[in-house]
C-alpha cells in the first residue's frame, strides 16, 4: 500500500510538472509572437497608425539599405528562435501557430535572397502615391491632422532613400519594365505640380471635420500649404528629375521576371509562396488553359440563351460597345454599386451561421491612381472597431465599366467575399495578431473568387448578362494562370498577354491593359485566386458527397473561415477532420 501511494504521488508530481512545463512553453511562445508583432508594427509605422497603435504617427518605414538589411537579419534571427520551440510541448492551437509562423518566416527568407527591394517603384503603390496612405489613417481630430503634416515633413528622407535604392538597382542590373515606369513617371509629375490647391496631399485639408474650430482649421490649412510648397513639391521635383534623366532611360522593353537576375528561379518560389502549393509554373500554365476551355463552354451556352447571332468574339465586342450596359456618369455608377451592396447584405444568413460585427463602406478609388489601377479593391478594417472595412470602386471612365459585372465584383470585394472573411478573422481576439491579419493570398483571394459562385444562392445573376458577368470574372482568373506564367516564365511579350485576354473575356480593353500591367508588377500573385478557388470548391464537393444529408452549407462556411486565412494544406486538414467528426455523429 505504501509503495502504491508513493507511485501515485510520483505520477501526480510528473503530471503536474509536465502540465506546468507545457503552460510555460505555450506562454513563452505566445510572448515571442507578441514581440514579433510589435517589431512588425515598428517596421511599418503607417500600418501601425492605421491599426490604432500609438507612437508611430509621424514616421514612414525605413527604406534605406541599412534598414532593409536590418530587417533581413531580424527575420533570420527569428527563424533560428522558432527552431528552439518543440511542437510536442505546445498545445494544438500553438502547434498550428508555430507551423504558420515558421512557414511565413521561411518564405520571407527565401524571397529576400533575390533582392526584390532593388525594384523600388511600381505604379500601384510606392513613394509617388504616398498621399494615399491617408485613406487608412484616423483623421478625426486636429491632432490627427497635425500628425499627418508632421509625417509629410519627413517624406523627403523617404524619397531620397528611394532614389538611392533605385540607383543601386541600376548598378546591379535590376531594370524595371519601361511601360510600367512611364505610368510611375506620370504619377510623379502630378505630385510635383506647383498648384497647391490641386496637389493630392492637400485634398484632405479642403473639408476638415466640423468638430475642429474654424481658427484651428485655418491654421492647419496654412501649415499644410507651407509644408507642401516648401517640402513636398521640391522633393517630388527632385524625384521627377532623377526619373527623367537617370531611371527611365535605363528601363527595359521586356516585361517578364525571366529577364531579371535569377528571374525564373524567383518566379518558381513566388508561385509556391502565393499558391501555398508545390505546383510548378508549367503545371499552373496548363491548369489555366484547361479552365479557360471549361468556362468558355459555359459562356457559349449563355450566348445561345440570349439568341445572339454572331461569333464569340463579336459577342464580346457587343458587350464592350453597347451603351445599355454602361452608366453615363461616375455618380450613377457609384449609386449602382451602393444598390447592389444593399441587396446582398440581407441574404447572407442563408449561407452563414456567423457574420462579422464590423461594417463596411463604399468609396471611390482616388482619382490620381484610378487610371492606372483595377476595377476595385478592398481595404480591411482596423481592430476594435476603430475603422470599418472599405470597398473601393473605380469610377474612372464609367463608359468602360459594365453593369453586368457589378454584382460579381461586389460579392468578391465586400460580402460574402473579402469583408466577411477578413473581418471575421480580425474579430478573433483569442488569436495572435499575425493570424488575424494573415497574408495567405491563396486563401484570401481563393475565398473571394469562390464567393462569386455563391451569388446564385444570394439571388443574384438572375438575367443572362449578369450570369455572363460572373463567368467573365471566373474566366478572368483562369486567364491569369495562363498569362502570368506566360509573361514571367515562358517569355511572352506584353501584347501577347493582352491579346489572349481580349479573346477570352468581356472586360473592357482599359481594364485588361491595367490588369496585365498589374501582373507584370506583382509576379505570381495572380496565380493564387483560381488555385485557391478550386480548392474551396473541391472541398465543398467532397464534404457534400461524404456527408450526404448531414452536409450543412452554413456549418461548412463557418468552419473554413474559423481559423482565419491558412495555407491550402492546412485547409485540407481542417475540412477532413470536420467530415470525420460529422460522419461519426448519430
Cα pairs beyond 28 Å in region 265-531, in percent, come to 35 percent
Alpha carbon centre of region 491-563 versus region 450-488: separation in Å?
8 Å
For the chain, what is the percent of antiparallel DSSP beta bridges, rounded to the nearest 5?
50 percent
Give or take rounding to whole Å, what are the principal axis extents of the alpha carbon atoms in region 57-98, in descending order?
41, 24, 10
When all C-alpha to C-alpha distances in region 427-586 are sorted into bins of 5 Å, what percent of pairs does each bin hold, rounded to whole numbers?
2, 8, 15, 16, 16, 15, 12, 8, 5, 2, 1, 0
Consider a paramagnetic label point 7 Å from the Cα of residue 386 along Cα→Cβ; state which residues of region 144-169 have an amide N under 13 Å from it.
144
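For region 51-178, report the convex hull volume of the alpha-carbon atoms normalised per residue, in Å³, without decimals.
152 Å³
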Note to self: C-alpha centroids of region 116-166 and region 266-316 sit apart, in Å, by 37 Å
Taking every C-alpha to C-alpha distance in region 496-586 and binning by 10 Å from 0, the per-bin percentages run 14, 35, 19, 21, 9, 1
Could I have the simple spin-label model distance between residue 558 and residue 374, label points 7 Å from Cα toward Cβ, reported in nm to one decimal?
3.2 nm
Please work out the FRET efficiency for the pair residue 314 and residue 456, using the Cβ-Cβ distance as r and a Förster radius of 30 Å; give the result to the nearest 0.05.
0.65
In square nanometres and to one decimal, what's the mean projected area of the convex hull around the Cα atoms of region 91-135?
5.1 nm²
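For Cα pairs less than 8 Å apart in space and 6+ apart in sequence, what is the mean separation divided by the residue count of the chain, i.e. the relative contact order in percent?
15 percent
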Quotient of Cα radius of gyration and Kirkwood radius for the chain, i.e. Rg/Rh, equals 0.99
If you rank 181, 522 by fewest surrounding Cβ atoms within 10 Å, what's the result?
522, 181
Taking only the alpha carbons of region 534-584, what extent do you get along each of the three principal axes, in Å, biggest first?
28, 19, 17
Taking R0 as 51 Å, what's the FRET efficiency between residue 581 and residue 194 from their Cβ-Cβ distance, rounded to 0.05?
0.15
If I take every Cα pair under 8 Å that is 6 or more residues apart in region 265-531, average their sequence separation and divide by the length, what percent do I get for the relative contact order?
28 percent
Once you have the Cα-Cα distance between residue 69 and residue 491, take 0.36 nm times their residue separation minus that, and quote the gain in nm to one decimal.
148.8 nm
With n ≥ 4 as the cut-off for DSSP H runs, can you work out [θ] at 222 nm for the chain, using -39500 (n - 2.57) per run divided by the number of residues, rounded to the nearest 500?
-19500 deg cm²/dmol
Bounding extents of region 129-175 in its principal axis frame from Cα atoms, largest first in Å, are 46, 18, 9
Throw me the Rg/Rh for region 111-203, computed over C-alpha atoms with Kirkwood Rh, two decimals.
1.02
Can you tell me what the convex hull of the Cα atoms of region 205-247 projects to on average, as an area in nm²?
3.6 nm²
What is the extension gain from residue 143 to residue 549, computed as 0.36 nm multiplied by their sequence separation minus the C-alpha to C-alpha distance, in nm to one decimal?
140.3 nm
Whole-Å distance linking the alpha carbon centroid of region 167-189 with that of region 344-405 is 30 Å
Stokes-Einstein D for region 105-259, Kirkwood Rh over Cα pairs, 37 °C, 0.692 mPa s (µm²/s)
192 µm²/s
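No lab work stands behind these numbers, since they all come straight from the coordinates. Bear in mind that the values here come from a model prediction, so they are computed numbers and not experimental data. When we count neighbours, we look across all protein chains shown, and the Cβ atoms used for this are built from the backbone with ideal geometry, even at glycine.
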